[in-house]
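Some notes on the structure that comes next.
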Amino acid sequence: MARKFLLFIILILILTLLAFGCKQKRQEQAGDEGSKDKGKIAVVISTLNNPWFVVLGNTAKERAEQLGYEATIFDSQNDTAKESDHFDNIIAGGYTAILFNPTDADGSIANVRKAKEADIPTFCIDREINSNEVATTQILSDNYTGCVELGQYFVKRMNGKGKYVELLGILGDNNTWNRSKGFHSVVDNYPELKMVSQQTAEFDRTKAMEVLESTLQAYPEIDAVFCGNDAMAMGAYQALVAAGKADKVMVFGFDGAKDVIDSIHDGKIVATGMQFPKKMARMAAEQADEYIKGRKDFPQKVPVAVELVTQENIAKYTAYGRQSEQ
Amino acid sequence: MKKVCKYAAAAAIIAFLVYHSIYFENLEDIKEQRRRGTFNAAEYARDFWDNQLFSVLDKAVNVKELIELFNTNMNEAIRRYGKAPGVSRTYAYLIQGNGKILTIAEDFLEVSIREPQTNPDIKISSGFYIPGNAVRDASGLIDVSEFSDTMKFNEISGEINKIVVKEVIRPFLEKKPKVGKTIRFFGASQVAQDATEENLFGQLISGATEAKEFQLFRVVPIRLELE
């Protein structure tokens, strides 16, 4: 009788342990499903026709997914109308937050306002909108200060004299003017540095090549080209190679894109300003997650410092960031 | 039937004209543009300089103490005194001190602040223009989030730097400072987090091409007086 009772107790213990085991497994599964059920995050990027923005978009998407969200990238193709359509679809699609790289500092305000009115928080990345009332926060490259530093290095490499060409980015983008004004705040103090031409190539590599080719017809004797981004720097360098002037004319870019980092390493491009697209994209995704979890007190604008990358310090850097951060 | 066609055509024309003669714009966007249009960076900088900056100068750290801290514990220096408007590896510091002029160059003064005052420790800007955001950021008084676009925030720095040249550097140079004289100063400085990784401040730079080249702490003056 006692033996039967003991077997009965052991059986109960085994069944109890099995039941707890199953419960724990169910809870773990529920936890996993819960993380996948956190909601959807939209990543709206100004253009995917530039590798720098592809890195920005992909990093934001990956980080959002790591945090348990379903994330989708929307390409605005540098068109505010397309961007507006994306916002309409995002609002209708029940997204929880938007990680947003705007197309136009003024033109994109209305889209962010639309999202705000639909109670969807927007986290701007890299590019700014000219409002501090509609986005939840804006994580921005400190382009002006980065170009002040680049301008100082430009003056040093040019020994304070010579002729140069400036290639501007998209004229409606604040980054274009922040970079240009930062650069000129230094360079214009040197009267022997003459800017012979200032034209837009819209941040585009092919356009930059075409613009510089025609500029070289009018001004064959230039000493340097300052480009508002790295894609244009690569286009400018191609034009100089085609004209047989690549060894004589110094090219300066801005971004920290892979081909320019490689070119600085190879001595083809002189310097660039390293922005940190991966860092900014991760910050935006993490802040969206914090917002969804309840945090509401975000600084409206967060400048992220740009660092000067030259042939002297290239060892510290890799494409889109610092070696130590990869 | 003809009548219907006429009315339809007339309605289409009227609709076309009305659509193209009325343009709707968001009132908030218009207000925002007006606010931006009225911003004057020079006036903002003037008010900052006259009414705000001098109230925080009593918080300026002694430059000798700060340099010692940079050379021994950069992270502690950043924690105690560093300011940055966002995410950065470069921090701005509000400083004060006195020292002996060792060199007067075209756009800087080399000054020794540590005994026996034979080697330079700091380089005070004294040129015709000042780049950067040292004064704006070291003051900690101007918040980038106040501005609808960051260009305004940057323009303020440019205007502050113009005041420094016009109202600090030029009057000081008019007093004809000489090597060996002692100066008293308040100033601002921007220092990268890794500035002392290879060479400490006030020490000879290893492998420098020019003889006796020191790693110097660069200062934008806010007040500069001969003692």
Two-decimal Rg/Rh of the stretch A:116-170 from alpha-carbon positions, Kirkwood Rh? 1.22
Where q = 0.16 Å⁻¹, what log10 of I(q)/I(0) comes from the Debye formula for the stretch B:35-82, counting one point per Cα? -0.64
Let's see if you can work this out: charge +1 on each Lys and Arg Cβ, -1 on each Asp and Glu Cβ, no other charges. What is the dipole magnitude of chain B about its Cα centre, in debye to the nearest 20? 840
Can you tell me what percent of all Cα-Cα pairs in the stretch A:48-177 are more than 20 Å apart? 50
Give me the Å³ per residue figure for the convex hull around the C-alpha atoms of the stretch A:177-290. 116
For peptide A:301-309, what's the mean number of Cβ atoms from other chains within 10 Å of each residue's Cβ? 5
For peptides A:100-111, A:148-159, sequence by mean Cβ density within 10 Å, most packed first: A:100-111, A:148-159
Electrostatic dipole magnitude of the protein assembly as shown [Cβ: Lys, Arg +1; Asp, Glu -1; Cα centre; debye, to 20]: 900
Rounded to whole Hz, the Karplus (6.51, -1.76, 1.60) HN-Hα couplings of the stretch A:237-253, x for glycine and proline: 4, 4, 5, 5, 4, 4, 8, x, 10, 4, 7, 9, 10, 7, 10, 10, x
Whole-angstrom Cα spans of the stretch B:126-217 along principal axes, big to small: 48, 37, 21
Value of [θ]222 nm, deg cm²/dmol, for chain B, DSSP H segments ≥ 4, -39500 (n - 2.57) each, nearest 500: -10500 deg cm²/dmol
Separation between Cα centres of the stretch B:57-75 and the stretch A:86-154, rounded to whole Å: 37
Using a 10 Å cut-off on Cβ to Cβ distances, tally the other chain neighbours for every residue of A:121-133 and report the average as a whole number. 3
Could you tell me what fraction of 2.2 N^0.38 Å the Cα radius of gyration of the stretch B:49-198 comes to, as a two-decimal ratio? 1.06
Student exercise, chain A dipole from Lys, Arg, Asp, Glu Cβ charges, in Debye to nearest 20: 1360
With runs of 4+ DSSP H residues as the only contributors, calculate the mean residue ellipticity of chain A at 222 nm using -39,500 (n - 2.57) per run, divided by the residue total and rounded to the nearest 500. -15500 deg cm²/dmol
For residue A:141, what residues show an amide H to amide H distance below 5 Å, using hydrogens built from the backbone and excluding near sequence neighbours? A:126, A:304
Name the long-range amide H neighbours of residue B:61: under 5 Å, sequence gap of 5 or more, or other chain; modelled H, no Pro or chain starts. B:94, B:95, B:96
Dimensionless Rg ratio for chain A, taking C-alpha atoms and the 2.2 N^0.38 Å reference: 1.31
Just checking the output field for A:97-108: average partner chain Cβ neighbours within 10 Å of each residue's Cβ? 1
Derived scalar couplings ³J(HN,Hα) [the stretch B:93-106; Karplus, 6.51 cos²θ - 1.76 cosθ + 1.60; whole Hz; x for Gly, Pro]: 10, 9, 10, 8, x, 9, x, 9, 6, 9, 9, 10, 9, 4
Residue-count net charge about residue B:107 - beta-carbon cut-off 12 Å; Lys, Arg +1, Asp, Glu -1: 0
In percent, what relative contact order does chain A have, based on Cα pairs under 8 Å that are 6 or more apart in sequence? 17
Test of the criteria: in the stretch A:183-271, which GluC sites (Glu not before Pro) are in a DSSP loop and have at most 10 other Cβ atoms within 10 angstrom of their Cβ? A:192
Å³ per residue enclosed by the Cα convex hull of the stretch B:110-177: 105
Which length gain, in nm to one decimal place, applies between residue B:47 and residue B:79 when the Cα-Cα distance is subtracted from 0.36 nm times their residue separation? 8.6 nm
Wrap a convex hull around the Cα atoms of the protein assembly as shown, take a quarter of its surface area, and give that in square nanometres. 43.8
Rg/Rh for the stretch A:237-326 to two decimals, with Rh computed the Kirkwood way over all alpha-carbon pairs. 1.16
Debye equation applied to the C-alpha atoms of the stretch A:267-308, log10 I(q)/I(0) at 0.14, 0.22, 0.23, 0.33 Å⁻¹: -0.46, -0.80, -0.85, -1.14
Could you tell me the relative contact order of the stretch B:98-191? Use alpha-carbon pairs under 8 Å, at least six residues apart, and round to a whole percent. 34
Projected onto the charge dipole of the stretch A:236-326 (+1 at Lys/Arg Cβ, -1 at Asp/Glu Cβ, origin at the Cα centre), which of A:250, A:315, A:273 gives the Cα projection farthest towards the positive end? A:273
Inter-label distance, nm, simple model (7 Å from Cα along the C-beta direction), residue B:194/residue B:9: 7.6
Would you mind computing, in nm to one decimal, how far apart the modelled labels at residue A:315 and residue A:295 are, each placed 7 Å from Cα along Cα→Cβ? 3.6
Counting DSSP beta bridges in the protein assembly as shown, what percent are antiparallel, to the nearest 5? 45
From the phi angles alone, apply the Karplus equation (6.51, -1.76, 1.60; θ = phi - 60°) to the stretch A:176-182 and give each ³J(HN,Hα) in whole Hz, x where the residue is Gly or Pro. 4, 7, 4, 5, 4, 5, x
Length released on extending from residue B:68 to residue B:40, taking residue separation times 0.36 nm less the Cα-Cα span: 6.1 nm
Take every Cα pair under 8 Å in chain B that's 6+ residues apart, average their separations, divide by the length, and report that relative contact order as a whole percent. 23
List the residues, sorted by chain then number, that are 5 or more residues from residue B:126 or on another chain and whose placed amide H is less than 5 Å from its amide H. B:108, B:109
Exposure of residue A:279 as accessible area (Å², to 10), given a probe of 1.4 Å and all protein chains: 50
Keeping every protein chain present and rolling a 1.4 Å probe, give me the accessible area per residue for the protein assembly as shown in Å². 49
In square angstrom and rounded to 100, what buried accessible area do you get between chains A and B, total over both, with the probe at 1.4 Å? 2500
Gain on full stretching of the segment that runs from residue B:179 to residue B:162 - 0.36 nm per residue minus C-alpha separation: 3.5 nm
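The values are calculated or read from the model by the stated rules, or taken from the named source; none is laboratory data. For clarity, every value in this text was computed on a predicted model and none was experimentally measured. Virtual Cβ from ideal backbone geometry, glycine too; neighbours counted across all protein chains shown. Protein only, heavy atoms only, side chains kept; ligands, DNA and RNA dropped before computing areas. Shrake-Rupley method; radii C 1.70, N 1.55, O 1.52, S 1.80 Å.
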